[in-house]
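Okay, structure first, notes after.
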Amino acid sequence: MTDIAASDFRHPRRYVRLDTILRLRWLAALGQLAAIFIVVQGLEFDVEIVPCLTIIGVSAALNLVLQTIFNPVHRLEPRYAAALLALNIAELACLLFFTGGLQNPFSFLFLAPVLISATALPTRLTIALGIFAATSATALAFFHLPLPWDSTEPLVLPQIYLFGVWLSILTAIGVTSLYAFQVTEEARKLSDALAATELVLTREQHLTQIDGLAAAAAHELGTPLSTIFLISRELEKSAHDHPEIVDDLRTLREQAQRCREILSKITQLNSSGAPFDRMRLSAIIEEAVAPHRDFGISIKTRIAVASAAEPVSMRNAAILYGVGNILENAVDFAREMVEVNAWWNADSVVISISDDGPGIPPDLLKRIGEPYLSRRRSSEDGGEHTGLGLGVFIARTLLERTGAKVTFTNRVFPDHGAVVQIAWPRESFETTERFIET
């Protein structure tokens, strides 16, 4: 059950489309040309036009070469994508060198390549680009040509102001990139965890479908086997004058009877043969509990008897997996006993799973259910357990899709241990589709 939940769906190698970076480079080149045109023609300031146009021309030529050689949908390895972003930083630094350095208001564009890297590339490459951008900004604070301005009224900015500009650029690179990385990483984790959830649900549905096919096959084979059994028995009675045939017919009848018994066991063990099979709440709990009874932990189940009839739901892989996964975590962390309590009334259906383990750490109570959240603890035998992570996220997601509300708490002192309560509106529980749409 936990094979998929324990798998790592995160992919450290991230590939960026070449077309994406080229579009950004073309946009930068057009913006730079527009800025130079406005400064020269509109404001009539003196600009080092030849060096600036040369830098922009080289950038455009490189874009054309890359578009010619590679397919637009080609995905770059992280190091090559980082190299192109570093080239963007170098081109911007060269343009700023000829247009005033940090006095130029466009110096804040150093942030753009680092921000793109933070959302798409590994952390080490983002840090390297951030250092390169910070180094370039620092160099421009000391080495640059004058800012294009009116020659009759030259602009002289105080050093303290330029220091503030330099500091704000470095701060923006660090803080904004870190923020973008955190947001993107959380989104990536959630996406990967949801993919794992869909894979788990698909597997559970597939197993249930196999069970249904087995039951259907048992039902269909029952009739011809009964016919073989009856005919062989009649032939055995009428062939008493031929002992050599009687033995063969007896063997045939015994084997046919054995096949009937095997198919009967398959039918009895499988309760999902019918496409609209329904399960009582007690049956759902027993099916979830059964695989965990032989691990040295006592599992006590209590089904409260209410005046309302016991709720019945269609057999649902999401419910069975979700309850089973939470129960498995309880068994992993319990010292001696796990309790499974269930009750219902006319409006709601509730399953409560508790253990006598150490409980959930307070700092994780509000975050439990997030994907890839983990907390290891040392057991009495020196081992380690991980019980809060992708598996709990999958279980919670699947159960909430069926209309349940899942809450995590700890027992009240002096008792100790975790308590997980799964509550459905009774109407949602009894009308849950057999398979949740993915």
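The values are calculated or read from the model by the stated rules, or taken from the named source; none is laboratory data. Quantities reported herein were computed from a predicted structural model and do not represent experimental measurements. Don't worry about glycine lacking a Cβ; one is built from the backbone with ideal geometry, like all the others, and counts go over all protein chains shown. Just so you know, the surface numbers come from the protein's heavy atoms only, side chains and all, with ligands and any DNA or RNA stripped out. Shrake-Rupley method; radii C 1.70, N 1.55, O 1.52, S 1.80 Å.
Does segment 80-95 contain any residue that is open to solvent by 50 Å² or more (accessible area, probe 1.4 Å) and either at positive phi or of a type in the set (Gly, Ala, Ser) (or both)? Steps first, answer last, please.
Narrowing segment 80-95 to residues open to solvent by 50 Å² or more (accessible area, probe 1.4 Å): 80, 83, 87, 94.
Going one step further and asking which of them are either at positive phi or of a type in the set (Gly, Ala, Ser) (or both), we end up with 83.
Taking every residue of segment 80-95 in turn, at least one turns out to be open to solvent by 50 Å² or more (accessible area, probe 1.4 Å) and either at positive phi or of a type in the set (Gly, Ala, Ser) (or both).
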Checked against (1) part of a helix (DSSP H, G or I); (2) of a type outside the set (Val, Ile, Thr); (3) out of contact with any strand residue (DSSP E or B) (no Cβ under 9 Å at 6 or more places or on another chain); (4) touching a residue at least 60 places away in the same chain (Cβ under 8 Å), LEU66 satisfies every condition except (4)
Scan segment 287-316 for residues that are in a loop (DSSP other than H, G, I, E, B) and of a type in the set (Gly, Ala, Ser) and report the count.
-> 6
Within segment 333-351, identify whether any single residue is in a loop (DSSP other than H, G, I, E, B), modelled with pLDDT of 85 or more and of a type in the set (S, T, N, Q), and answer yes or no.
-> yes
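Consider THR126 carefully, then state whether it is among the polar types (S, T, N, Q), out of contact with any Pro (no Cβ under 6 Å at 6 or more places or on another chain), buried (at least 20 other Cβ atoms within 10 Å of the Cβ) and in a helix (DSSP H, G or I).
Working: among the polar types (S, T, N, Q): yes; out of contact with any Pro (no Cβ under 6 Å at 6 or more places or on another chain): yes; buried (at least 20 other Cβ atoms within 10 Å of the Cβ): yes; in a helix (DSSP H, G or I): yes.
It is true that THR126 is among the polar types (S, T, N, Q), out of contact with any Pro (no Cβ under 6 Å at 6 or more places or on another chain), buried (at least 20 other Cβ atoms within 10 Å of the Cβ) and in a helix (DSSP H, G or I).
So, of the residues in segment 416-438 that are part of a loop (DSSP other than H, G, I, E, B) and at pLDDT below 80, which turns out to be nearest to the chain's Cα centre (by Cα)?
Taking segment 416-438 and keeping what is part of a loop (DSSP other than H, G, I, E, B), we get 416-417, 432-438.
After this cut, where a residue has to be at pLDDT below 80 as well, the list is 432-438.
Working: THR432: 24, GLU433: 24, ARG434: 24, PHE435: 20, ILE436: 18, GLU437: 17, THR438: 14 Å.
Filtering first and then ranking leaves THR438.
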Which condition number does THR119 fail, the rest of (1) under 16 Å from ILE89 (Cα atoms); (2) of a type in the set (Ser, Thr, Tyr); (3) surrounded by 15 or more Cβ atoms within 10 Å (Cβ to Cβ) being met?
-> (1)
Sort out which residues of segment 69-79 are open to solvent by less than 70 Å² (accessible area, probe 1.4 Å) and either out of contact with any helix residue (DSSP H, G or I) (no Cβ under 8 Å at 6 or more places or on another chain) or in a helix (DSSP H, G or I) (or both), and write them in order of number.
-> GLU77, PRO78
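Would you call ILE319 among the β-branched types (Val, Ile, Thr), touching a helix residue (DSSP H, G or I) at 6+ places or on another chain (Cβ under 9 Å), assigned to a strand (DSSP E or B) and open to solvent by less than 20 Å² (accessible area, probe 1.4 Å)? Quick ask: steps written out before the conclusion?
Numbers: among the β-branched types (Val, Ile, Thr): yes; touching a helix residue (DSSP H, G or I) at 6+ places or on another chain (Cβ under 9 Å): yes; assigned to a strand (DSSP E or B): no; open to solvent by less than 20 Å² (accessible area, probe 1.4 Å): yes.
Considered against the rule, which asks whether it is among the β-branched types (Val, Ile, Thr), touching a helix residue (DSSP H, G or I) at 6+ places or on another chain (Cβ under 9 Å), assigned to a strand (DSSP E or B) and open to solvent by less than 20 Å² (accessible area, probe 1.4 Å), ILE319 comes out as no.
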Search result, residues across segment 99-110 that are in a helix (DSSP H, G or I) and either buried (at least 21 other Cβ atoms within 10 Å of the Cβ) or β-branched (Val, Ile, Thr) (or both) = GLY101, LEU102, GLN103, SER107, PHE110
Restricted to segment 8-38, and to residues that are open to solvent by less than 50 Å² (accessible area, probe 1.4 Å) and assigned to a loop (DSSP other than H, G, I, E, B), which residue is modelled with the lowest pLDDT?
-> PHE9
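Go through segment 352-393 and give me each residue that's at pLDDT below 65 and either assigned to a strand (DSSP E or B) or among the polar types (S, T, N, Q) (or both). Full working, then the answer.
We begin by selecting, within segment 352-393, every residue at pLDDT below 65; these are 371-389.
The answer is SER374, ARG376, ARG377, SER378, SER379, GLU384, HIS385, THR386.
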